[in-house]
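Some notes on the structure that comes next.
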Amino acid sequence: MAPATTNAPLRGRRSPLASVGLHATLVVASVIAVFPVLWVLLTSLKPPAYATSTDFFKDTTLTNYTNLLSDTPFLTWFANSLLVAGLTTVIGVFVAATTGYAVSRFRFPGKRGLMWTLLITQMFPVAVLIVPIYNIMSSMGLLNQPVGLVITYLTIAVPFCAWMMKGFFDTIPREIDESGQVDGLTPFGTFWRLILPLAKPGIAVTAFYSFVTAWGEVAYASAFMVGDENLTLAGGLQKFVNQYGAQWGPMAAASVLIAVPAALVFLFAQRHLVTGVSAGAVKG
């Protein structure tokens, strides 16, 4: 017996008009997202006389890049930022991962207070914390020192990342820990050899967040570091702006070069980002 036919429309099928509207919206959103980046890139390739003009291509030149690298301490600022961001990333990943694992797997006095502390620290804006942290760093002799910035950035990155890593470790079966104990591994050995390899998505998100936090931060870097030889990129870019005007060409060139390391870190971690964020949000 032939099956009965129906003229009912298939569920989930969009009409042609809806498809056109959806694609048009995506195109407009893509243009809005890409246009500022493209504008900065094109500005970096213009001579100073046409830096603020609306012409997309006007006497294209690499002068801004050559002058930036040869006539300014940009490479020093770049090296300082790379050092600070690298240390923040490595230390931040280790501290956040061990903290998240400890809170996820063990019961100990003060556990709830620790979790509340990590959460509450995220509620304070930067403007409120600059003065007390400045005074603490000054009393410890850490002003104008890379280690001072690293410690400051860790106070920003570690609480959020520890919460996220805790949620990620909650999704890993506890039977794996028990198998490590049966094999004679210590708790740290179980964490290092069995659990950590399974936590690559969470680690990728933690590393990316820690790096971006240190790489693009402005307020603390400007307040804690002085002198061209000590500045990071955030403080160095301010040298291109003064009360008489702004050097848009070198600033745009510097912005393009600054974006390269962040883009490389993102490309390295992108395949883990969605998995790590979603897993960390399950039981955070």
Yes or no: THR171 over 19 Å from the mean Cα position of the chain (by Cα), polar (S, T, N, Q) and closer than 21 Å to VAL205 by Cα? yes
State which residue pairs qualify: first residue among the aromatic types (Phe, Trp, Tyr) and inside the range 247-268, second residue open to solvent by 30 Å² or more (accessible area, probe 1.4 Å) in any location, beta carbons under 9 Å apart, and separation of 6 or more residues or different chains. TRP248/PRO48; TRP248/THR52; PHE266/PHE208; PHE266/VAL212; PHE268/PHE208
Subset of the range 210-233 [surrounded by 23 or more Cβ atoms within 10 Å (Cβ to Cβ) and closer than 16 Å to PHE94 by Cβ]: SER210, PHE211, ALA214
Is it true that LEU42 is free of Cβ contacts under 8 Å to residues at least 40 places away in the same chain, of a type outside the set (S, T, N, Q) and under 16 Å from LYS239 (Cβ atoms)? no
Considering only residues of the range 52-72 that are over 23 Å from PHE35 (Cβ atoms) and part of a helix (DSSP H, G or I), which is most open to solvent (accessible area, probe 1.4 Å)? ASP71
How about the range 217-237: which of its residues are of a type outside the set (A, V, I, L, M, F, W, C) and within 21 Å of the chain's Cα centre (by Cα)? GLU217, TYR220, SER222, THR232, GLY235, GLY236
Any residue in the range 17-35 that's in a helix (DSSP H, G or I): show its pairings with residues that are of a type outside the set (Gly, Ala, Ser) at Cβ separation under 8 Å, as long as the two are six or more apart or on different chains. LEU22/ARG14
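The values are calculated or read from the model by the stated rules, or taken from the named source; none is laboratory data. What you see is a predicted model, and the numbers here were worked out from it, not measured in a lab. Ideal geometry is used to build each Cβ from the backbone, glycine not excepted, and the neighbour counts take in all protein chains shown. Side chains are part of the model used for accessible areas, which takes the heavy atoms of the whole protein and leaves out ligands, DNA and RNA. Shrake-Rupley method; radii C 1.70, N 1.55, O 1.52, S 1.80 Å.
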